[in-house]
Amino acid sequence: MKTYPGLNVVMYHYILKNNKFGNFKLKSLNIDKFIDQLTSISKKSKIISPEEFRFKLEKKYKFNNEFILTFDDGYKCHYEIVKKVLDLKKIKGFFYPTCYPYKYKKLLDINQIHLILSAEKNSEKLLNFIMNYLKLNHLKIYLKIKSNLNQIKKYKTYDDEKTMIIKRLLQSHLPKKIKSKILKILFNKILNETDINLINNFYLNINEIKKLHDEGHEIGLHGFNHNRYEFQNLSEQKNDFNKSKIFWSKILKNKNNWSICYPFGSYNNLTKKLLKKDNIKFAFTTKKGSNLNPYSNNLELKRWDTNDLF
């Protein structure tokens with residue numbers, strides 16, 4: 001493993017045994033690889049706690065080949081698998097759950113998409129269904145999407161092209177009511193399990209989040225609905241941000257220093273203006289790289305995806 005200068009933030013999502021959640025196979029980091037990664041990082045670098053990170057950031061101490069670990073979306077595996085590994089290695093992490101699953105007892109759209117893609121391996125079949133549905137029911141939107149496909153394809157991800165288009169359409173390129181309708185049809189058509197059965201085992205529960213917080217892990221904001229802030233105006237962003245903070249403040253009653261991990265890494269200058277006004281000390285993006293001067297860029301901290309480290 002090479003040496004990483006400055007402050008380095010690692011981004012994790014699913015960490016599973018054999019990449020499986022129940023009957024679903026998800027794109028994830030295997031638990032053995034996770035352990036190996038932490039061991040490799042610890043040999044040449046220091047993994048610091050939220051408390052130490054906040055202190056160094058406030059005092060403007062120089063970061064030198066130091067790491068922090070972030071875990072997005074609040075998945076159950078972050079307690080059942082991740083916490084056990086972190087406890088053994090005496091490491092504290094940064095956890096960023098959303099509010100929607102707890103408020104409405106439903107899966108986030110992005111997680112419905114993951115499960116649909118896991119159950120139906122034929123991405124071409126799924127994409128054809130989406131485009132045909134739009135053509136039959138929303139012709140204007142269908143024509144607009146069809147003309148913009150080349151623009152959508154410009155995004156680079158770890159997915160194949162058709163899977164990437166499916167995710168983009170169902171995440172941000174379709175009106176909310178339409179994408180929700182398509183997801184509901186696909187979810188009921190392809191999966192046998194219901195939202196409520198999955199929700200019980202898919203995300204951290206409230207007591208687990210409280211325990212993580214009480215033990216010194218960071219619990220931060222990750223949007224109320226996991227929407228992309230770059231597509232929202234200032235009023236919409238402010239509403240989402242305030243709802244998130246109010247929701248978690250009622251649960252984590254002694255929490256007063258908030259951080260944020262932008263959903264999908266999505267933000268704009270309006271977002272930063274809002275966070276500065278609320279005195280948010282740091283925020284994480286999905287931009288790749290080391291943070292050589294995190295003090296001047298504290299609301300746009302870069303992260304390495306776990307797949308980028310080795």
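The values are calculated or read from the model by the stated rules, or taken from the named source; none is laboratory data. Worth saying up front: this structure is predicted, and the values here are computed from it rather than measured. Please note: Cβ atoms are built from the backbone with ideal geometry, for glycine as well, and neighbour counts cover all protein chains shown. For the accessible areas, the whole protein counts, side chains as well, though only heavy atoms, and no ligand, DNA or RNA atoms are used. Shrake-Rupley method; radii C 1.70, N 1.55, O 1.52, S 1.80 Å.
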Filter result (charged (D, E, K, R), touching a residue at least 60 places away in the same chain (Cβ under 8 Å) and surrounded by 15 or more Cβ atoms within 10 Å (Cβ to Cβ)) within segment 199-232: E208, E218
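Could you please find all residues in segment 1-14 being among the aliphatic types (A, V, I, L, M) and under 20 Å from S49 (Cα atoms)? If you could, list the steps in order and put the result at the bottom.
Taking segment 1-14 and keeping what is among the aliphatic types (A, V, I, L, M), we get 1, 7, 9-11.
If the condition is that a residue be among the aliphatic types (A, V, I, L, M) and under 20 Å from S49 (Cα atoms), then L7, V9, V10, M11 are the ones that fit.
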Residue in segment 148-184 that is nearest to K135 (Cα to Cα), counting only those that are modelled with pLDDT of 90 or more and outside any helix (DSSP H, G or I): L174
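So that you can scan it fast, the table gives a plain yes or no per residue for (1) assigned to a strand (DSSP E or B); (2) surrounded by fewer than 14 Cβ atoms within 10 Å (Cβ to Cβ); (3) touching a helix residue (DSSP H, G or I) at 6+ places or on another chain (Cβ under 9 Å):
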{"residue": "D32", "(1), (2), (3)": "no, yes, yes"}
{"residue": "S42", "(1), (2), (3)": "no, yes, yes"}
{"residue": "K56", "(1), (2), (3)": "no, no, no"}
{"residue": "N64", "(1), (2), (3)": "no, yes, no"}
Of all residues in segment 81-104 being touching a strand residue (DSSP E or B) at 6+ places or on another chain (Cβ under 7 Å) and not in a loop (DSSP other than H, G, I, E, B), the one that is surrounded by the most Cβ atoms within 10 Å (Cβ to Cβ): F95
Candidate set from segment 241-279 (those that are open to solvent by less than 40 Å² (accessible area, probe 1.4 Å) and of a type in the set (G, A, S)); member that is farthest from Y12 (Cα to Cα): S244
Subset of segment 110-147 that is outside any helix (DSSP H, G or I) and charged (D, E, K, R) - its residue that is most open to solvent (accessible area, probe 1.4 Å): K121
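What number of residues in segment 44-54 are in a strand (DSSP E or B) and buried (at least 18 other Cβ atoms within 10 Å of the Cβ)?
Residues of segment 44-54 that are in a strand (DSSP E or B), as a first pass: 46-47.
Checking the rest, the ones that are also buried (at least 18 other Cβ atoms within 10 Å of the Cβ) come to 47.
Final tally of qualifying residues: 1.
Could you look through segment 251-310, keep only residues that are in a loop (DSSP other than H, G, I, E, B) and at positive phi, and pick out the one that is nearest to the chain's Cα centre (by Cα)?
Filtering segment 251-310 down to residues in a loop (DSSP other than H, G, I, E, B) leaves 252-259, 262, 266-268, 278-282, 285-290, 292-300, 302-303, 309-310.
Now restrict to residues that are at positive phi: 279, 289.
Values: N279: 22, G289: 17 Å.
Among residues in segment 251-310 that are in a loop (DSSP other than H, G, I, E, B) and at positive phi, the one nearest to the chain's Cα centre (by Cα) is G289.
Examine segment 16-32 for a residue that is touching an Asp or Glu at 6+ places or on another chain (Cβ under 9 Å), basic (K, R) and modelled with pLDDT of 95 or more, and state whether such a residue exists. Explain how you work it out, then say what you get.
Step one: of segment 16-32, the residues touching an Asp or Glu at 6+ places or on another chain (Cβ under 9 Å) are 17, 22-23, 27.
Filter once more, keeping what is basic (K, R): 17, 27.
So of that shortlist, the ones also modelled with pLDDT of 95 or more come out as none.
No, the conditions are met nowhere in segment 16-32.
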Failed criterion for L107 (all others in (1) part of a helix (DSSP H, G or I); (2) of a type in the set (A, V, I, L, M); (3) more than 18 Å from N307 (Cβ to Cβ) hold): (1)
Residue in segment 191-198 that is touching a strand residue (DSSP E or B) at 6+ places or on another chain (Cβ under 7 Å), hydrophobic (A, V, I, L, M, F, W, C) and either in contact (Cβ under 8 Å) with a residue 24 or more places away in the chain or closer than 21 Å to K276 by Cβ (or both) present: no
Count of residues meeting criterion [over 21 Å from the mean Cα position of the chain (by Cα), outside any helix (DSSP H, G or I) and farther than 30 Å from N132 by Cα] in segment 185-224: 1
Residue under evaluation H78, criteria (1) assigned to a helix (DSSP H, G or I); (2) modelled with pLDDT under 95; (3) crowded, with 20+ Cβ neighbours inside 10 Å, criterion not met: (2)
